[in-house]
1. Report, by residue number, each residue of region 146-160 that is more than 20 Å from the chain's Cα centre (by Cα) and either part of a loop (DSSP other than H, G, I, E, B) or of a type in the set (Val, Ile, Thr) (or both).
2. Against the definition (in contact with a His (Cβ under 8 Å, 6 or more places away or on another chain) and more than 19 Å from GLY33 (Cβ to Cβ)), how does ASP118 come out, yes or no?
3. Quick one: in region 101-145, of everything that is assigned to a loop (DSSP other than H, G, I, E, B) and farther than 19 Å from ILE27 by Cβ, which residue is modelled with the highest pLDDT?
Amino acid sequence: MFNKIILASLVTLTLSHASDEFSSERILGIEVGYSSLNTNKNGLNTSTNSAEFGLKIGAQNKEWRTTIAGNFFTKEGHKYKKVMLEFDRFVWASLYKTDSIVFKPYLGGHIGWMKYTDNFSLDDNGMVYGGQAGLAWNVLNEVDFDLGYRYSLTNIEEVDNISSVVFGVNYIY
């Protein structure tokens, strides 16, 4: 009987500690960026630059942020839609903390699916993956700003890579 009480106490303490360690804040965000879509068709390399727009939803804690993001790009007949799982590791929180602003640089990666079309009757889709780095800063308890660089590769034959500078606003609830 005594062993069962001790075991039950240990399990309860462990689970309560684990819930504190893995608790997170939910995120709902929008982002806009400047993207460069680099394609290679019949040996001809081209670069198309334009705005990219996106939405994301996810969660974060003090060390990690994980989101599902959807991004859209259209320019001169080139269009893509991406859905990605993004995961970021906050490298550190700023050493100088005021009452309202905390800076958090991050490194991360992403993997997902992309649909690409162009005016030349190409309609293809495939996997997209890559890395990202940036700076998130918390200006209010409920609002994060995010400035980052994202580099993506894909297995779509005519798309070499996509590089983007992205600014986002995240509502934390």
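1. Step one: list which residues in region 146-160 are more than 20 Å from the chain's Cα centre (by Cα), which gives 156-160.
Answer for region 146-160, where residues must be more than 20 Å from the chain's Cα centre (by Cα) and either part of a loop (DSSP other than H, G, I, E, B) or of a type in the set (Val, Ile, Thr) (or both): ILE156, GLU157, GLU158, VAL159.
2. Working: in contact with a His (Cβ under 8 Å, 6 or more places away or on another chain): yes; more than 19 Å from GLY33 (Cβ to Cβ): yes.
So ASP118 passes the test.
3. The initial filter retains those residues of region 101-145 that are assigned to a loop (DSSP other than H, G, I, E, B), namely 101, 118-122, 141-142.
Those left that are additionally farther than 19 Å from ILE27 by Cβ: 118-122.
Values: ASP118: 87, ASN119: 80, PHE120: 74, SER121: 68, LEU122: 78.
Here the residue is ASP118.
The values are calculated or read from the model by the stated rules, or taken from the named source; none is laboratory data. Only a predicted model underlies this, so the values are computations on that prediction, with no experimental measurement involved. For neighbour counting, all protein chains shown are included, and Cβ atoms are generated from backbone atoms with ideal geometry for every residue, glycine included.
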